[in-house]
Amino acid sequence: MKWKAERPNRNQLWGMSPSQFKTMLKRKGYKVDRDFFKFAAVAYKNNRAYRFRYWSFPEFFVDVSCPLNEFDRWANSTDRVLTFGDWIES
């Protein structure tokens with residue numbers, strides 16, 4: 001059996017639909033895979049990975065990785081953890 005995540009609802013994504021959320025990321029310059037919501041909700045920009053943790057509802061966090069050439073796994077390679085509100089303002 002293959003594990004597959006549920007698509008988030010609007011409450012988890014600050015009122016955006018999953019499609020609107022992906023479009024916002026693309027407009028901000030992130031590389032977003034087609035199956036973004038199926039596994040880990042990870043986008044890429046400036047040689048770093050960004051994991052969007054909408055599933056820790058009601059909080060929404062963004063994990064920023066170290067440079068990709070030094071990346072091992074999220075537990076070891078997270079440089080910063082931002083709230084979604086702080087990330088969206090930057």
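The values are calculated or read from the model by the stated rules, or taken from the named source; none is laboratory data. Values in this document were obtained by computation on a predicted structure and should not be read as measured data. Every residue, glycine as well, gets a Cβ built from its backbone with ideal geometry; the counts of neighbours run over all protein chains shown.
At-a-glance table
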| quantity | calculated |
| --- | --- |
| Subset of the stretch 41-88 (residues that are closer than 24 Å to residue 6 by Cβ and touching a Pro at 6+ places or on another chain (Cβ under 6 Å)) | 54 |
| Residues that are part of a helix (DSSP H, G or I) and either more than 21 Å from residue 58 (Cβ to Cβ) or of a type in the set (Lys, Arg) (or both), drawn from the stretch 74-88 | 74, 75, 76, 77 |
| Hey, residue 48 surrounded by 15 or more Cβ atoms within 10 Å (Cβ to Cβ), in contact with a Cys (Cβ under 9 Å, 6 or more places away or on another chain) and either in contact (Cβ under 8 Å) with a residue 40 or more places away in the chain or not small (Gly, Ala, Ser) (or both) or not | yes |
| Scope the stretch 6-19; condition assigned to a helix (DSSP H, G or I) and surrounded by 12 or more Cβ atoms within 10 Å (Cβ to Cβ); matching residues | 18 |
| Per-region count, the stretch 58-73, residues surrounded by 12 or more Cβ atoms within 10 Å (Cβ to Cβ) and within 24 Å of residue 10 (Cβ to Cβ) | 4 |
| Condition check for residue 84: in contact (Cβ under 8 Å) with a residue 60 or more places away in the chain and either over 16 Å from residue 10 (Cα atoms) or surrounded by 16 or more Cβ atoms within 10 Å (Cβ to Cβ) (or both) | yes |
| Filter result (exposed (fewer than 14 other Cβ atoms within 10 Å of the Cβ) and either touching a strand residue (DSSP E or B) at 6+ places or on another chain (Cβ under 9 Å) or over 21 Å from residue 77 (Cα atoms) (or both)) within the stretch 29-39 | 29, 31, 34, 35 |
| Scan of the stretch 27-60 for residues that are at pLDDT 95 or above and more than 12 Å from the chain's Cα centre (by Cα), ordered by number | 27, 28, 29, 46, 47 |
